[in-house]
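Engineer: For reference, the structure I am asking about is given below.
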Amino acid sequence: MAVAATHSLSKCYGRVAALSDCTFDVARGEILGLLGPNGAGKTTLLRLLLGYLKPTGGQATIDGLDCYRRSVEVHRRLSYLPGEARLFRRLNGRQTLEFFARLRSESSLERSLQLAERLELDLARRVRQMSTGMRQKLALIVALAPDVPLVILDEPTSNLDPTVRRDVAGLLDEARAEGKTVVFSSHVLSEVEDVCDRVIVLSSGRLVEQVRVGDVRRQHRIRAELRGTLGPPPAALAEGLDVLVNDHGRAEIVARGDLAPLLGWLAEQPLASLRIEPIGLRSVYERHHPTGGR
Amino acid sequence: MKRVLLVRSFLDSWLLLAGCAALAAAFTCLRVWVSSHIEIGAFIRFFSENLKMLSGLLPAPIEDLATPLGRVAFSFEEFGLVLLLGLWSIARGSDCLAGRIGDGTMEMLLAQPVGRLAVLSTHTAVTLLGVIAIAGAAWCGIGAGLHFSKFAEPPPLGAVTPGILNFLGLGVFVTGAATLVSALCRARATAVGLVIGFYVIEIAVMVVSRMVAGLDWMKWVTILSAYEPTMLTLAIDRDPAENWPILWQYNGLLLGLGSLLWAIAARVFCRRDVPAPL
């Protein structure tokens, strides 16, 4: 059963459509990544899931509960890290964790303190004296401490150094191992590819593609220069191949399945040179946003 | 959970409250002490001969204001005291929603299993507690001022109770109005500007209604017509049986409108989108 689901979810501000007709679901224990450039609708989608925004069309549900109408019950089942997390500036790190731990029974101060130690955060410092990265770490701890089935993170690793990014990826893996579901948005394609099970790509407020990261990883692009004519691939392989040969004797083959059976056929072809590269999320992303991504 | 929010809300603003209450106590104490030293006969003569045109602005005849009780009760009309009450109510009321949305803490709060109404009501409860504290501090200040005053026959402290109650009513109204504006705005600065602008317009309408004979109907369009602490204090001292009901009418209007505005604010906030912080 899906933990979170949207059905034709839309949000308009006057004539501007921030999100249009978005339908997807997230299975229990899955890590779902949201990709898209600024203004694509990622944050709007997350805020609709949290019930912060009233949909102008469609519906979002978490555990079958309407996100807007039953937001308090929904929030018992999730934790959230906003894109630009702001905390009470007068409190120090420990007081912040204590405050949020007291606010919800699903949270524990002990777990928060363990996370703080792991992320090497100085809890004695006041929030207003913290750097942007420190504040981000603190907010991340607030979001990851509660024992809830769904964690929603809006660009969790922005402002973090590479070491902490690696730690965050580790924490998300642990969340998955504990059976939690994670939805997170990011601009960092490599990070999404490393962590996520599935990715949805948004463009101008529309969901334009959903891919399984495992499927994307199995896809390869093969570029070859030919000395003669490329023979037809065996019937067993042909379904998983897109072959394009131009007039200058160059071939580009996109292989969607395992590479091993293909290599035998390639060895028999009149090739002057051969280059094989994994397609990766970048290619998926650039299909919809040609100049975007990092 | 609500206790956690209440404590947080109080801790966020106890310093402002302590400052406003201390200043209210000090201001009223000094004000009463100074007014007991004025040679009032000369002042009445000067006012009657030179400033009679301004008599319409006074809340009661100058002779009544010159009595010890009149002089003490007039403290509630002083700009300084009303400013302190306004500072607290507007600062808190505007921070309640627009302030928290603007600074982003609302987003973190609402991500917890906390209802929007709980956030609003706990914040307002602390604001109203502060209004009571400031009124109480003003009352204590008046008591201290009377203790050290040079009035031949100082009025009893209990005689200014109508003024205190009317002052409290004004605090409730301003809290409700500021909360409503805060629920409608995204930025706290906008909310503060709108509430202060409204207050200035109300004062202008009040002055015009009192100064221009043909425009006295305008007193019906300003809420400040329900804030008459000096007139009510003097009238109730003169004839309690007849005038206490008038105080309840005035305060009923202030409390009723304040509560209505707060209820509208709650409805607006519970249905509005919570935008990303500025």
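Taken together, the values in this text are just the output of simple stated rules run on the coordinates, not laboratory data. Please read these numbers as outputs of a predicted model, since none were measured by experiment. Cβ placement follows ideal geometry from the backbone for every residue including glycine, while neighbour counts extend to all protein chains displayed.
Engineer: Rounded to whole Å and sorted largest first, list the principal axis extents of the Cα atoms in segment B:1-124.
Structural biologist: Taking the Cα atoms of segment B:1-124, the three principal extents are 66, 27, 19 Å.
Engineer: Under the Karplus relation 6.51 cos²θ - 1.76 cosθ + 1.60, θ = phi - 60°, what is the ordered set of whole-Hz ³J(HN,Hα) values for segment A:8-23, x standing for Gly and Pro?
Structural biologist: After applying 6.51 cos²θ - 1.76 cosθ + 1.60, I find 6, 5, 9, 9, 10, 10, x, 8, 8, 8, 7, 8, 10, 6, 9, 10 Hz.
Engineer: Subtracting the Cα-Cα distance from 0.36 nm times the residue separation, let me have the gained length for A:Ala27 to A:Gln114 in nm, one decimal. All intermediate terms of the calculation are to be shown ahead of the outcome.
Structural biologist: Details: separation 87, 0.36 × 87 = 31.32 nm, distance 2.82 nm.
Once the chain is fully extended between A:Ala27 and A:Gln114, it gains 28.5 nm.
Engineer: So, in Å, what gap is there between the alpha-carbon centers of segment A:67-132 and segment A:241-294?
Structural biologist: Cα centres, segment A:67-132 to segment A:241-294: 46 Å.
Engineer: Which of the GluC sites (Glu not before Pro) across segment B:71-148 are loop residues per DSSP, with 14 or fewer other Cβ within 10 Å? Walk me through the intermediate numbers first.
Structural biologist: On the way: sites: B:Glu77, B:Glu78, B:Glu107; in loops: B:Glu78.
In loop regions of segment B:71-148 (DSSP not H, G, I, E or B), the sparsely surrounded GluC sites (Glu not before Pro) are B:Glu78.
Engineer: Could you list A:Asp173, B:Asp95 so that the one with the fewest beta carbons within 10 Å of its beta carbon is first and the one with the most is last? Write out the running numbers ahead of the final one.
Structural biologist: Numbers: A:Asp173 14, B:Asp95 25.
Lowest to highest Cβ neighbour count: A:Asp173, B:Asp95.
Engineer: Determine the relative contact order of segment B:1-145: mean sequence separation of Cα pairs under 8 Å and six or more apart, normalised by residue count, in whole percent.
Structural biologist: Values: 108 pairs, mean separation 76.9, N = 145.
Value for segment B:1-145: 53 percent.
Engineer: Related question: Counting Lys +1, Arg +1, Asp -1, Glu -1, what net charge surrounds A:Leu153 among other residues with beta carbon under 12 Å of its beta carbon?
Structural biologist: Details: positive: A:Lys42, A:Lys180; negative: A:Asp154, A:Glu155, A:Glu191.
Combined, the nearby Lys, Arg, Asp and Glu give -1.
Engineer: Also, quick follow-up: What list of ³J(HN,Hα) values in whole Hz, one per residue of segment B:78-92 in order, does the Karplus curve 6.51 cos²θ - 1.76 cosθ + 1.60 (θ = phi - 60°) give from phi, with Gly and Pro shown as x?
Structural biologist: Result, ordered by residue: 5, 4, x, 5, 5, 5, 4, 4, x, 4, 5, 5, 6, 4, 6 Hz.
Engineer: Right, another one. How would the protein assembly as shown be classified by its alpha-carbon gyration tensor: rounded, prolate or oblate, with rounded meaning a/c under 1.5 and the a/b versus b/c comparison settling the rest? Kindly include the intermediate steps, with their values, before the conclusion.
Structural biologist: Values: a/c = 3.77, a/b = 2.97, b/c = 1.27.
Verdict is prolate for the protein assembly as shown.
Engineer: A follow-up question, please. Please compute the net charge surrounding A:Ser203, taking Lys and Arg as +1 and Asp and Glu as -1 over other residues with Cβ under 12 Å from its Cβ.
Structural biologist: +1
Engineer: Under 8 Å for C-alpha pairs, at least 6 residues apart: give me the relative contact order for chain A, rounded to a whole percent. Intermediate values should be presented prior to the final figure.
Structural biologist: Details: 561 pairs, mean separation 59.8, N = 294.
Relative contact order here is 20 percent.
Engineer: A follow-up question, please. So, counting K/R as plus one and D/E as minus one, what does the shell of residues with Cβ under 12 Å around A:Ala17 add up to?
Structural biologist: Charge balance near A:Ala17 sits at +2.
Engineer: Right, here's the next one. Residue by residue, what Karplus-based ³J(HN,Hα) values in Hz, rounded to whole numbers, does segment A:156-168 have, using 6.51, -1.76 and 1.60 with θ = phi - 60° and x for Gly and Pro?
Structural biologist: Rounded to whole hertz, the list is x, 9, 5, 6, 9, 7, x, 5, 5, 4, 5, 4, 5.
Engineer: Quick one: among B:Gly19, B:Gly70, B:Gly163, which has the greatest mean-square fluctuation in a GNM of chain B with alpha-carbon springs under 10 angstrom?
Structural biologist: B:Gly19
Engineer: From the residues A:Ala85, B:Ile164, B:Thr122, which one has its Cα farthest along the dipole of the protein assembly as shown in the positive direction, the dipole being from +1 and -1 charges on Cβ of Lys/Arg and Asp/Glu about the Cα centre?
Structural biologist: About the Cα centre, the residue reaching furthest to the positive side is A:Ala85.
Engineer: Turning to a different aspect of this structure: Among B:Gly145, B:Gly99, B:Gly256, whose mean-square fluctuation peaks in a Gaussian network model of chain B (Cα, cutoff 10 Å)?
Structural biologist: Comparing B:Gly145, B:Gly99, B:Gly256 in a Gaussian network model of chain B, the most mobile one is B:Gly256.
Engineer: Among A:Leu237, A:Gly264, A:Val201, whose Cα sits farthest toward the positive end of the charge dipole of the protein assembly as shown (+1 at Cβ of Lys/Arg, -1 at Cβ of Asp/Glu, about the Cα centre)?
Structural biologist: The one lying farthest along the dipole's positive direction is A:Gly264.
Engineer: Next up: Taking the dipole about the Cα centre of the protein assembly as shown, with the C-beta of Lys and Arg at +1 and of Asp and Glu at -1, give me whichever of A:Thr181, B:Pro59, B:Pro275 is farthest to the positive side.
Structural biologist: A:Thr181
Engineer: Continuing with this model, one more query. May I ask you to sort B:Ile134, B:Ile264, B:Ile201 by Cβ crowding, counting other Cβ atoms within 10 Å and putting the fewest first? Write out the running numbers ahead of the final one.
Structural biologist: On the way: B:Ile134 26, B:Ile264 15, B:Ile201 11.
Going from least to most buried by this count: B:Ile201, B:Ile264, B:Ile134.
Engineer: Further, regarding this structure: Using unit Cβ charges (K, R positive; D, E negative) and no other charged atoms, how large, in debye to the nearest 20, is the dipole of chain B about its Cα centre?
Structural biologist: Working: 19 positive and 18 negative charges, 198 e Å.
Its charge dipole is roughly 960 debye.
Engineer: With +1 on each Lys and Arg Cβ and -1 on each Asp and Glu Cβ, how big is the dipole of segment A:13-143 about its Cα centre, in debye rounded to the nearest 20? Provide the component values of the computation, followed by the final result.
Structural biologist: On the way: 22 positive and 13 negative charges, 132 e Å.
Dipole of segment A:13-143, to the nearest 20 debye: 640 debye.
Engineer: Then there is this: Looking only at A:Leu230, A:Leu46, A:Leu65, which one moves most when chain A is put into a Gaussian network model with springs between Cα atoms under 10 Å?
Structural biologist: Comparing A:Leu230, A:Leu46, A:Leu65 in the GNM, the peak value goes to A:Leu230.
Engineer: Turning to a different aspect of this structure: Rank these for me by crowding, B:Val274, A:Val254, going from fewest to most other beta carbons within 10 Å. If you can, show how the numbers build up before the last one.
Structural biologist: On the way: B:Val274 21, A:Val254 15.
Lowest count first: A:Val254, B:Val274.
Engineer: Further, regarding this structure: Cα atoms only: what Rg and Dmax, in Å, come out for chain B?
Structural biologist: Answer for chain B, Rg first and Dmax second: 20.3, 67 Å.
Engineer: Pairs of alpha-carbon atoms within less than 8 angstrom and 6+ residues apart define the contacts here; what relative contact order does chain B have, in percent?
Structural biologist: Relative contact order for chain B comes out at 29 percent.
Engineer: Which whole-percent values make up P(r) of chain A when all C-alpha to C-alpha distances are grouped in 10 Å steps starting at zero?
Structural biologist: Whole-percent P(r) values from 0 Å outward: 6, 24, 28, 21, 12, 7, 2, 0.
Engineer: Ok, one more. When a/c reaches 1.5 or more, the comparison of a/b and b/c decides; with that in mind, is segment B:188-278 rounded, prolate or oblate per its Cα gyration tensor? All intermediate terms of the calculation are to be shown ahead of the outcome.
Structural biologist: Details: a/c = 3.12, a/b = 1.70, b/c = 1.84.
Oblate, because a/c is 1.5 or more while a/b does not exceed b/c.
Engineer: Further question on the same structure: Based on Cβ point charges of +1 for Lys and Arg and -1 for Asp and Glu, what charge dipole magnitude is obtained for the protein assembly as shown about its Cα centre, in debye rounded to the nearest 20?
Structural biologist: Details: 60 positive and 54 negative charges, 42 e Å.
Charge dipole of the protein assembly as shown: 200 debye, to the nearest 20.
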